[in-house]
Amino acid sequence: EDQVTQSPEALRLQEGESSSLNCSYTVSGLRGLFWYRQDPGKGPEFLFTLYSAGEEKEKERLKATLTKKESFLHITAPKPEDSATYLCAVRGTDSWGKLQFGAGTQVVVTP
Amino acid sequence: GAVVSQHPSWVICKSGTSVKIECRSLDFQATTMFWYRQFPKQSLMLMATSNEGSKATYEQGVEKDKFLINHASLTLSTLTVTSAHPEDSSFYICSARVGGVGTDTQYFGPGTRLTVL
C-alpha cells in the first residue's frame with residue numbers, strides 16, 4: 001500500500017527565513033510525486049510533478065527535489081503570501097491514476 | 001488552462017434531503033474525474049473515481065447508494081449526497097485528470113462546503 005508521510009506538521013517562519021518541508025514515501029513503482037498548495041477553504045493548487053530521482057523543479061520561491069525515498073520542498077526567502085498548507089501526493093504503478101496524499105505541512109510566514 | 005469549477009461553493013440543507021454538487025472542466029475535456037472529501041485539519045480522502053460514460057469506482061467504505069456519481073459528459077461530473085445527515089457535513093472537492101497516461105496531473109476545483117442541519 002502506498003504511504004506518504006509529511007514533516008513537520010506545522011512550520012512557523014519569519015519573512016525571509018528559508019526552510020524545507022519533507023515528504024517521505026513508499027510506493028510500488030513511482031509514477032509521479034506531486035506537490036500542491038492549499039489555502040483555507042479552497043481546493044489544492046497544483047505546484048509540481050516530479051518523476052525520477054534527481055529531478056528538480058522551481059517556481060518563484062519554491063523548489064522541489066526528489067530522491068528514491070523522499071522529496072523536499074524548499075522555500076527560499078518566504079513572504080507572508082506563501083502561508084498555506086503544502087500537500088505531497090504520490091501515484092504508483094498500481095494506483096489506476098489515483099493519488100495518495102500526505103497529511104500536509106501547514107506553513108505560516110510572519111512579517 | 002486546466003481550470004476546474006464547482007457549484008455550489010457552499011450549501012446548507014436539512015437532514016434527509018439530497019444535495020447535488022457539480023464539477024466542470026472549463027477549458028479541457030476530462031475523461032476521468034475524482035471526488036474527495038476533507039474534514040477540518042485533515043488531508044484529502046478519495047471517495048470515488050468517475051469515468052465518462054461508465055459507472056464510478058468507489059473506495060472501500062464509501063457508500064455508493066449514498067454518494068451517487070454521474071459523469072455524463074467529458075466536462076461534467078456530479079456528486080449527489082442522498083438523504084444527507086449531519087455526519088455528511090464536510091468539504092467536498094473534485095479534481096480532473098489532464099494529460100496522457102503516466103504523465104497526467106490532477107487539477108482541483110475550489111471545493112463545496114456542505115452543512116447538514
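Using all Cα-Cα distances in chain B, what percent lands in each 10 angstrom bin from 0 up to the longest? Using 10 Å bins, I get a P(r) of 15, 48, 31, 6, 0 for chain B.
Based on other C-beta atoms within 10 Å, arrange B:His85, B:His71 from fewest to most.
Numbers: B:His85 11, B:His71 22.
Placing the least packed residue first, the sequence is B:His85, B:His71.
Among the GluC sites (Glu not before Pro) in region A:1-48, those placed in a DSSP loop whose Cβ has at most 15 other Cβ atoms within 10 Å are A:Glu1, A:Glu9, A:Glu15, A:Glu17. Computed from backbone phi, the HN-Hα couplings of region B:47-57 come to 9, 6, 10, 10, 10, 4, x, 9, 6, 6, 9 Hz, rounded to whole numbers (Karplus: 6.51 cos²θ - 1.76 cosθ + 1.60, θ = phi - 60°; Gly and Pro given as x). Here's the picture: charge each Lys and Arg Cβ at +1 and each Asp and Glu Cβ at -1 in chain B, and of B:Thr112, B:Gln38, B:Ser15 the one pushed furthest to the positive end of that dipole is B:Ser15.
For the peptide A:36-42, the mean number of other protein chain Cβ atoms found within 10 angstrom of a residue's Cβ is 4.
In debye, nearest 20: dipole of chain B around its Cα centre with unit charges on the Cβ of K, R (+) and D, E (-)?
Details: 10 positive and 9 negative charges, 41 e Å.
Approximately 200 debye in magnitude.
Think of region A:17-111 as having a plus end and a minus end, set by charges on the Cβ of Lys, Arg, Asp and Glu; of A:Pro78, A:Gly97, A:Phe46, A:Gly97 sits farthest toward the positive end of this dipole.
Express the Stokes-Einstein translational diffusion coefficient of the protein assembly as shown in µm² s⁻¹, to the nearest whole number, given a Kirkwood radius over alpha-carbon pairs, 4 °C and a viscosity of 1.567 mPa s. Diffusion coefficient, whole number: 71 µm²/s. Measuring gaps between exposed loop sites in chain A (chymotrypsin sites (Phe, Trp or Tyr not before Pro); DSSP loop; at most 14 other Cβ atoms within 10 Å), the longest gap, sites not included, is A:1-50.
Report the longest stretch of chain B that contains none of the trypsin sites (Lys or Arg not before Pro) sitting in a DSSP loop with at most 12 other Cβ atoms within 10 Å. Walk me through the numbers on the way to the answer.
Details: sites that count: B:Lys14, B:Lys41, B:Lys55.
Longest stretch, sites excluded: B:56-117.
Under 5 Å between amide hydrogens, built in the peptide plane, is the criterion, and for A:Gly32 it picks out A:Arg91 among residues at least 5 positions away or on other chains.
Mind checking the mean number of beta-carbon atoms from other chains within 10 Å of the Cβ atoms in B:39-46? Let's see the in-between values first.
Details: counts 0, 1, 5, 3, 13, 12, 1, 4.
Averaged over the peptide's residues, the number is 5.
In order along region B:30-44, the Karplus-derived 3J(HN,Hα) couplings, from 6.51 cos²θ - 1.76 cosθ + 1.60 at θ = phi - 60°, round to 10, 6, 10, 10, 10, 10, 10, 10, 9, 8, x, 6, 10, 7, 6 Hz, and Gly and Pro are given as x. Each residue of region A:94-111 was assigned a 3J(HN,Hα) from its phi angle through the Karplus curve 6.51 cos²θ - 1.76 cosθ + 1.60 (θ = phi - 60°); the sequence is 9, 8, 6, x, 6, 9, 9, 8, x, 6, x, 10, 8, 10, 10, 10, 9, x Hz, with glycine and proline shown as x.
Roughly how crowded by other chains is peptide A:48-59, in terms of the mean Cβ count from those chains within 10 Å of each of its Cβ atoms? It would help to have the intermediate numbers written out before the result.
Values: counts 1, 5, 0, 2, 0, 0, 0, 0, 0, 0, 0, 0.
Mean partner-chain Cβ count within 10 Å for A:48-59: 1.
Read the figures in this text as sums done on the coordinates, not as results from a lab. No experiment lies behind these values; they were computed from the predicted model shown. Note that each Cβ is placed from the backbone with ideal geometry, even for glycine, and that neighbours are counted across all protein chains shown.
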